[in-house]
1. How many of the residues in region 115-156 are closer than 30 Å to E55 by Cα and open to solvent by 50 Å² or more (accessible area, probe 1.4 Å)?
2. Evaluate region 36-52: report whether one residue or more is farther than 30 Å from Y576 by Cβ and within 26 Å of the chain's Cα centre (by Cα).
3. Is it true that S739 is at pLDDT below 90 and either closer than 30 Å to L292 by Cβ or part of a helix (DSSP H, G or I) (or both)?
4. Filter region 428-462 down to the residues that are crowded, with 20+ Cβ neighbours inside 10 Å, among the aliphatic types (A, V, I, L, M) and within 30 Å of the chain's Cα centre (by Cα) and list them by number.
5. Pick from F362, F383: which is modelled with pLDDT of 80 or more, more than 21 Å from L607 (Cβ to Cβ), in contact with a Pro (Cβ under 7 Å, 6 or more places away or on another chain) and in a helix (DSSP H, G or I)?
6. I'm trying to understand the selection: among the residues of region 225-236, which are within 22 Å of D199 (Cβ to Cβ) and either among the acidic types (D, E) or open to solvent by less than 80 Å² (accessible area, probe 1.4 Å) (or both)?
7. All but one of (1) of a type outside the set (F, W, Y); (2) modelled with pLDDT under 85; (3) touching a helix residue (DSSP H, G or I) at 6+ places or on another chain (Cβ under 6 Å); (4) open to solvent by 10 Å² or more (accessible area, probe 1.4 Å) hold for L269; state the number of the condition that does not hold.
8. Take region 275-285 and flag every residue that is at pLDDT 70 or above and open to solvent by 40 Å² or more (accessible area, probe 1.4 Å).
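The values are calculated or read from the model by the stated rules, or taken from the named source; none is laboratory data. Because the structure is predicted, anything quoted here is derived from the model rather than measured. We place every Cβ from the backbone using ideal geometry, glycine too, and count neighbours over all the protein chains shown. All accessible areas refer to the heavy atoms of the entire protein, side chains included, with ligands and DNA or RNA removed. Shrake-Rupley method; radii C 1.70, N 1.55, O 1.52, S 1.80 Å.
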Amino acid sequence: MKERTKGIIKLIVAVIVIAAAVVVAAMGIGKDKLGSAGNVKLGLDLAGGVSVTYETVKDNPTDTEMSDTVYKMQKRAESFSTEAQVYPEGSRRIIVSIPDVTDADAVLSGLGDAGNIYFVYGMGPDGVQNIVRYFDEESGEYKFELLNSIEQIAEAGDVVVDGSNIADAQPNIMQDDLKGTEYIVALSLDETGSQLFEDATRYCYTYYNATSEEDEYKNLIAIVYDNEVVSAPHVATIITGGQATISGQANYDESKMLATTIRVGALPLELQVLRYYVEGAHLGSDALHTSLIAGLIGFILIVLFMIVMYRVPGFAASIALVMYVSLMVICLNIFGVTLTLPGIAGIILSIGMAVDANVIIFTRIQEELASGKTVRSGIKLGFSKALSAIIDGNVTTIIAAVVLYFLGSGTVKGFAQTLAIGIILSMITALFITKFLLQALYETGADSVGLYGTKKERKTLNIVQNFPKFIAISGGIIVVGIVALIINLCTIKTPFSYGLDFSGGTATSVIFENGLPNGIQSEVEGLVKDTIGQSAEVSLVSDENMVQIKTKELSTEDRAKLATALKSTYGIEEGYITTESVGSAVSSEMKRDAWIAVIVATIGMLLYIWLRFKNFNFATSAVMALIHDVLVVLVLYAVCRSFISVGNTFIACMLTIVGYSINATIVIFDRIRENVREYSRKPMEEIVNTSITQTFSRSINTSLTTFVMVLVLAILGVTSVREFAIPLMVGIICGTFSSVCLTGGLWFNLQKKFKAKVED
């Protein structure tokens, strides 16, 4: 009776703690709702917005130059959204992310190319004329253009100040009794710039009442941005103190644009655009909605599976999974992780993998009960014997996540973060929360062996004997891939169909809310040709009513023209267009980084297994199986190139498969090591077959739960998620096959040829 009371108290405590975590994850704490799901930062692919990656023109900028540039870019970005983020990536790159914008085209246009800005004399003291006024027939306005290059103007000493002297520029409105409403730009200069500007305006003001064309040019100070004259205001007074106003703008938007242009150019470093990304808010909302539904459905299916297969332990694990999801949401808040589509995929995948630790434990418990142990003893031994396999398997997956984080970029880093957090939380919930709940349920009276189940004796699988057949199957699949690669090289000149991240260019996705019109593909091809003079590769995604347009890399101006043409021709609403542009330099880097990431992760896993098992044959056979899995998935990319491309999620997909496969392999190797110690007199072939048979149900059940989660993603997810999910499904299947059918046979043959001691 005393034990039952103790168990009830434990359950009450567990329910209170888990309920508290659920409430925090759902509603948050305090007025700021800290920890809540609604407080998680969403990436641009979910919230909509603009992301631009810049690179410094200077090869080796100093830390001070980079930090000053990031600071000024942050101030500029905040004029578009208070949620804007600017952060460095590496030693030369700066990423600007502006979420939740309603007019992404206008923001990207205002963002500009971030060239340097200069204030120059219209005609300098030495009588050199630097600008000329002309009438632009297209706009019906007078405009200015440069007569000399910036280098020539600087050499002549006619640059008044440059971007390094500008502290700030803000749009403003002035009310004047005589002039009425004036739209101005308020300009602030640093100490050096203040003195230079005072000297320049003193010279220009001398010619304020100009009576000749030459004197008029002497009265002008031109603002030159990216080698174009954006404004050439008259100097109406001598400006002291570093505070000036630029008047003459037609409206507030024009003042805002000029102020933005000045701030963009007022950078310590000159920047160039490497890539940009514009996501329509509607598309992001749809992606988030479908991914969350996929996660909920998969979660429910896993809970049902666990309860049916493992009874009371499965029920305890299901409650622990609720805690796991709540902790994941809270951790996303604590660590400030920006949630992206790949990040959601990482969470959903980690839910499937979170089951793995529980399956290993419960399988061990059932084995102990089948050998005649009591339920109490079976629970204790089950957790104890499963510990090493759980730790080893999860550490190797974390290695993959760490490599992804440091070698990946953008959304791939988000995937790595959520995967790593998920793996750590899965170990915590399985080893502590599930154990606590299971002991509490046992103490309240759930102490019958029938409530836990016993592992039925399974006929020993002849894996080692059939190893040559399994090798032949794998070899046949890889040969198919080689043939497909040769065909691809002969037809499309590349081994795979590369996505934008690996090929470079500009991709525009358009949602037709009322369905795709007949003949839309050829119509859009013609529209693109007429609008920007480029041929385009146009494809349809019928189930999403989406048209995808891929072209060579477009300038900001051409991209805006194309978006305007699509909106006016087909009545596309704001937020239904996504644009991404990647420069060729970035795409080449991503190809290189993809292979480096896979190789580094594989070497890291090999070293860990070698050190942990102290047997090089274990490490070698595990890595050979990993290479097999990578090759099989590459076969999929080669054969299915028409609807699966090698793109941004390719690295994440490959390393997830590698981590998942090694996890399953380690469970088998851990059992082989244990059985070698316990049954040292038995033939090695028999020990390997027995070990694989003993872990077979774990291999199948874990693969099944993870596969279900990814399958739901593939069915319900948007195109970008589907391109991640389908290869992952193939990877789960081939990873299970290699772990069960290949690794044991590989190790046996290596051990026979290069006999090595198996240590604890």
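1. Qualifying residue count for the region: 7.
2. Residues of region 36-52 that are farther than 30 Å from Y576 by Cβ, as a first pass: none.
No; the residues of region 36-52 include none that is farther than 30 Å from Y576 by Cβ and within 26 Å of the chain's Cα centre (by Cα).
3. Working: at pLDDT below 90: no; either closer than 30 Å to L292 by Cβ or part of a helix (DSSP H, G or I) (or both): yes.
For S739, the condition - at pLDDT below 90 and either closer than 30 Å to L292 by Cβ or part of a helix (DSSP H, G or I) (or both) - is not met.
4. If the condition is that a residue be crowded, with 20+ Cβ neighbours inside 10 Å, among the aliphatic types (A, V, I, L, M) and within 30 Å of the chain's Cα centre (by Cα), then A430 is the only one that fits.
5. Working: F383 fails: in contact with a Pro (Cβ under 7 Å, 6 or more places away or on another chain).
F362 is the lone residue from the list that is modelled with pLDDT of 80 or more, more than 21 Å from L607 (Cβ to Cβ), in contact with a Pro (Cβ under 7 Å, 6 or more places away or on another chain) and in a helix (DSSP H, G or I).
6. Taking region 225-236 and keeping what is within 22 Å of D199 (Cβ to Cβ), we get 229, 231-236.
Hits for region 225-236 are V229, S231, A232, P233, V235, A236.
7. (4)
8. R275, Y277
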